[in-house]
Amino acid sequence: GYPKHIDPPTLTYPSANLAKLSAEAHARDLNDAGGTVWVIPMVGLTHSMGKVVGPGDWVLIDRKAPYEERKEGEIIAYVRSGPDWGTNTSEFSWTVHRIVVKDKDGLLLSGDGNSRSEARSRVTAATYRGLVVAIYRVRA
């Protein structure tokens, strides 16, 4: 079975503009405190993360969260790279999924809405981009 979910806080706002501005302000505060946090919009989603992260959400990615400290159940950002995925590494090509297995070969991930994990490639320190620390959402 899948590990226990370790979800970041989800903050809900009445408009997309407020959600984006709040995410950016939070990122600025964390960066001013010595962090390296990026805000990325969730666009072109396949709904693979079910109800946790969806279209129109903004996610905060902590780029300094160490790869070695990641745990099964956490949600991370990674870049799909290699012969199956190509070499686009911009933040707009990042994928956000949950860690389902952590072993000596790397991290095996899956979207919450997927029936199985993505076994064709493991996330390694080279393709890991950071830990999702907050989700900003427009109230439905």
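The values are calculated or read from the model by the stated rules, or taken from the named source; none is laboratory data. All values reported here derive from a predicted model rather than from experimental measurement. Note that each Cβ is placed from the backbone with ideal geometry, even for glycine, and that neighbours are counted across all protein chains shown. These area figures cover heavy atoms from the full protein model, side chains too; ligands, DNA and RNA do not enter into them. Shrake-Rupley method; radii C 1.70, N 1.55, O 1.52, S 1.80 Å.
Structure data summary
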{"quantity": "Verdict on Lys71 being under 18 Å from Tyr128 (Cβ atoms), modelled with pLDDT of 70 or more and in a loop (DSSP other than H, G, I, E, B)", "calculated": "yes"}
{"quantity": "Pairs where the first residue, in the range 3-21, is farther than 22 Å from Glu74 by Cβ and the second is in a loop (DSSP other than H, G, I, E, B) and open to solvent by 60 Å² or more (accessible area, probe 1.4 Å), C-beta under 7 Å, 6+ apart", "calculated": "Tyr13/Arg139; Pro14/Arg139"}
{"quantity": "Some residue of the range 113-127 being modelled with pLDDT of 80 or more, within 28 Å of Thr12 (Cβ to Cβ) and more than 11 Å from the chain's Cα centre (by Cα)", "calculated": "no"}
{"quantity": "Close pairs from the range 49-62: first closer than 22 Å to Asn31 by Cβ and part of a loop (DSSP other than H, G, I, E, B), partner of a type outside the set (Asp, Glu) and open to solvent by 10 Å² or more (accessible area, probe 1.4 Å), Cβ under 6 Å, at least 6 apart", "calculated": "Val53/Met42; Val53/Val96; Asp57/Met42; Asp57/Arg137"}
{"quantity": "Condition check for Arg63: modelled with pLDDT of 85 or more, open to solvent by 50 Å² or more (accessible area, probe 1.4 Å) and closer than 23 Å to Ala19 by Cα", "calculated": "yes"}
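The rows are residues; the columns are (1) at negative phi; (2) over 16 Å from the mean Cα position of the chain (by Cα); (3) of a type in the set (S, T, N, Q); (4) at pLDDT below 85.
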{"residue": "Pro8", "(1), (2), (3), (4)": "yes, no, no, no"}
{"residue": "Leu11", "(1), (2), (3), (4)": "yes, no, no, no"}
{"residue": "Asn31", "(1), (2), (3), (4)": "yes, yes, yes, yes"}
{"residue": "Val39", "(1), (2), (3), (4)": "yes, no, no, yes"}
